[in-house]
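A short reminder: the numbers here are calculations on the coordinates, not readings from a lab. Owing to the predicted nature of the structure, the values given are computational and were not obtained by experimental measurement. Cβ placement follows ideal geometry from the backbone for every residue including glycine, while neighbour counts extend to all protein chains displayed.
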Amino acid sequence: MLTRLHVPECIWSLATATLPGGEQERVNIARGFVVDYPMLLLEEPTAPLDTTNRKTIVELIREAKAVVQPSSVFSRTTRCVARSPTACLILEGWSSP
């Protein structure tokens with residue numbers, strides 16, 4: 001999973017807190033996808049990531065939806081919301097299904 005999320009192998013053994021922000025985010029996302037949870041609750045899963053890693057995260061969400069319950073994405077942007085069948089767009093404290 002870390003390879004798929006472009007986390008360099010040389011940092012796999014380091015504490016997550018010591019990693020730069022982008023690597024921290026990708027490691028945290030990997031943690032959520034390595035276990036088969038019955039539901040995914042993702043808040044801004046692609047916000048701090050570059051285009052390549054955003055695409056990878058969207059692919060992972062699609063794959064997870066094929067195996068488990070539909071994922072729910074909560075976002076302040078429309079990037080991921082448009083790609084999820086169950087989504088909630090949050091704007092300034094208000095939410096819209």
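Rank the residues L41, L2 as a footprinting-exposure proxy: fewest other Cβ atoms within 10 Å of their Cβ go first.
Final ranking by Cβ density, sparse to dense: L41, L2.
Run the quick spin-label model on L19 and A66: label points 7 Å from Cα toward the beta carbon, then report their separation in nm to one decimal.
2.5
Using the Karplus curve 6.51 cos²θ - 1.76 cosθ + 1.60 with θ = phi - 60°, what ³J(HN,Hα) values do you get for each residue of segment 8-14, in whole Hz, with x for Gly and Pro?
x, 4, 5, 10, 4, 8, 7
Using only the alpha-carbon atoms of segment 1-50, report the extent along each of the three principal axes, biggest first, to the nearest angstrom.
31, 22, 19
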